[in-house]
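Q: Just dropping this structure here.
We did not get these values from a lab; they are worked out from the coordinates using the rules stated. Remember, predicted model here, so these are calculated numbers, not experimental data. All Cβ positions, glycine included, derive from the backbone under ideal geometry; neighbour counts span all protein chains shown.
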Ligand code: SF4
C-alpha cells in the first residue's frame, strides 16, 4: 500500500523532473495530466509546484483590468456578454476618457498590481481610439511607471506600431480554444485571425499575452491543441479563464467544471510552459471556489478585483490568501512589494472598477 502510494507520487515527480531538465511535454503526457485521478491531485500539484518554484519562486503578480469600452461589439463570441448576440444585462459605453483610465491606473498602483490592463470591446479599434489609448499610456508611464497591457481586438500593423511607440509593453489577444473547436464558439472571425494579430503584435516588438477559456464544451484534445499552439508563439503570459457562463449568452447553461479539473488544467499549463507567466483569470472564484489558493501552487499570477463584466472577490481576500500561502506579491521583478494589504482607504476605492467584462471570465476574448 505504502509502495503503491509512493509510486503515484513519484510518477508526477518524475514528470516534473523531466520538465525541469528541459523536456517538452508530449501530447500523451498532457493527456495524462488532464486525466490525473482526483485522489492524485495533491501529488500532481506538489510536483508541479517544484517547476513553479524553479522559475518564479513564491512570487505572485497581480493584474488589474479596466473595461475601457463595454458592449456594442459586432462579433458573436458565444461566451461573451458584450457580443452583438448577447442579451446579458451589462453596462454599455464608448471608450472611457483620460480621467477614468488614469483613475484605474492609480488604483492598479494602489493594489500592488504589476500590470494595468486596458481592455476595449469590439472587433478592433479605430485609429482615433488607438490615438486616445496611446495618449493615456504615455501619461501613465510618465506619472506611474506601470507595466501596461492593452486588449483592443484585431490590430493593423501601423496601429500596433503606434501602441508600441507609446510605451505599451504587452498586448492581450486570447486564442481561447483550439483551431478545430473555434467555429463552435465564434463565426464572425477565425482562429487564424487571432493568430495573425498575435504575429502583428510580435512584429511590433511588444510582448504577447494569450490564453484560453476552459469549460465551453471543448474536448480535452482542444485544450491540448491550444496549449501546444501557444508553445510555438513565444508568449510572455497565459491567462487561463474558466468559463463564467453569463445569463443572456449562448453558453449561459454551461457549468461543467469542477475545481479539481481546474487544478489539473493549471498544472498542465505550468508543466507545458514552465517559464511562462500563468495567470488564473476569469471564473476563478466561481469554478475553483475553496481551492483558489491551491491554484497558485501552479500559477503565479491573478487578476485582482473585478473582471470585465463580472465581479471578482474583494482585494482584501486576495491579499489574505497570498499571505496565508506564504507567497509574496511582486510589483516588478526588481522591486519587492510587501504582501500586506494596502491601507483600507485604498481598498475602499478598489471595489469600483465599474467595468464589466467581455462576459466571459476576464473577457476571454479579447481578453
Ligand atoms: S470577446 Fe471581444 S470580439 Fe468577441 S464579442 Fe466579446 S468584445 Fe467582441
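Q: Of all residues in the stretch 162-190, count the ones that are in contact (Cβ under 8 Å) with a residue 24 or more places away in the chain, assigned to a loop (DSSP other than H, G, I, E, B) and more than 30 Å from residue 258 (Cβ to Cβ).
A: First, pick out the residues of the stretch 162-190 that are in contact (Cβ under 8 Å) with a residue 24 or more places away in the chain: 162-181, 184-189.
Still in the running and assigned to a loop (DSSP other than H, G, I, E, B): 167-169, 173-175, 177-181, 186-189.
Then drop every residue that is not more than 30 Å from residue 258 (Cβ to Cβ), which leaves 167-169, 188-189.
So the answer is 5.
Q: So, one more: Could you list, in sequence order, all residues of the stretch 26-37 that are more than 16 Å from residue 298 (Cα to Cα) and either assigned to a helix (DSSP H, G or I) or touching a helix residue (DSSP H, G or I) at 6+ places or on another chain (Cβ under 7 Å) (or both)? Lay out the reasoning, then the answer.
A: Keep residues of the stretch 26-37 that are more than 16 Å from residue 298 (Cα to Cα), which gives 26-29, 31-32, 35, 37.
Within the stretch 26-37, 27, 28, 29, 31, 32 qualify.
Q: Please enumerate the residues belonging to the stretch 160-180 that are touching a helix residue (DSSP H, G or I) at 6+ places or on another chain (Cβ under 6 Å), within 20 Å of residue 231 (Cβ to Cβ) and more than 15 Å from the ligand (Cβ to nearest atom).
A: Once the filter is applied, which keeps residues that are touching a helix residue (DSSP H, G or I) at 6+ places or on another chain (Cβ under 6 Å), within 20 Å of residue 231 (Cβ to Cβ) and more than 15 Å from the ligand (Cβ to nearest atom), the stretch 160-180 yields 178, 179.
Q: Quick check on this structure: which one of 128, 123, 114 is over 28 Å from residue 256 (Cα atoms), away from the ligand (no atom under 11 Å from the Cβ) and in contact (Cβ under 8 Å) with a residue 24 or more places away in the chain? Steps first, please.
A: Details: 128 fails: in contact (Cβ under 8 Å) with a residue 24 or more places away in the chain; 123 fails: away from the ligand (no atom under 11 Å from the Cβ).
Of 128, 123, 114, the one residue that is over 28 Å from residue 256 (Cα atoms), away from the ligand (no atom under 11 Å from the Cβ) and in contact (Cβ under 8 Å) with a residue 24 or more places away in the chain is 114.
Q: Of all residues in the stretch 109-128, how many are part of a helix (DSSP H, G or I) and either crowded, with 23+ Cβ neighbours inside 10 Å or in contact with a helix residue (DSSP H, G or I) (Cβ under 9 Å, 6 or more places away or on another chain) (or both)? Full working, then the answer.
A: Within the stretch 109-128, the subset part of a helix (DSSP H, G or I) is 109-110, 127-128.
Narrowing further to those that are either crowded, with 23+ Cβ neighbours inside 10 Å or in contact with a helix residue (DSSP H, G or I) (Cβ under 9 Å, 6 or more places away or on another chain) (or both): 110, 127.
Residues flagged as part of a helix (DSSP H, G or I) and either crowded, with 23+ Cβ neighbours inside 10 Å or in contact with a helix residue (DSSP H, G or I) (Cβ under 9 Å, 6 or more places away or on another chain) (or both) within the stretch 109-128 amount to 2.
Q: Looking at (1) surrounded by fewer than 23 Cβ atoms within 10 Å (Cβ to Cβ); (2) within 16 Å of the ligand (Cβ to nearest atom); (3) in a strand (DSSP E or B), find the lone condition where residue 193 falls short.
A: Just one mismatch for residue 193, condition (3).
Q: Another one. Can you tell me how many residues within the stretch 48-86 are more than 19 Å from the chain's Cα centre (by Cα) and within 13 Å of the ligand (Cβ to nearest atom)?
A: Residues flagged as more than 19 Å from the chain's Cα centre (by Cα) and within 13 Å of the ligand (Cβ to nearest atom) within the stretch 48-86 amount to 10.
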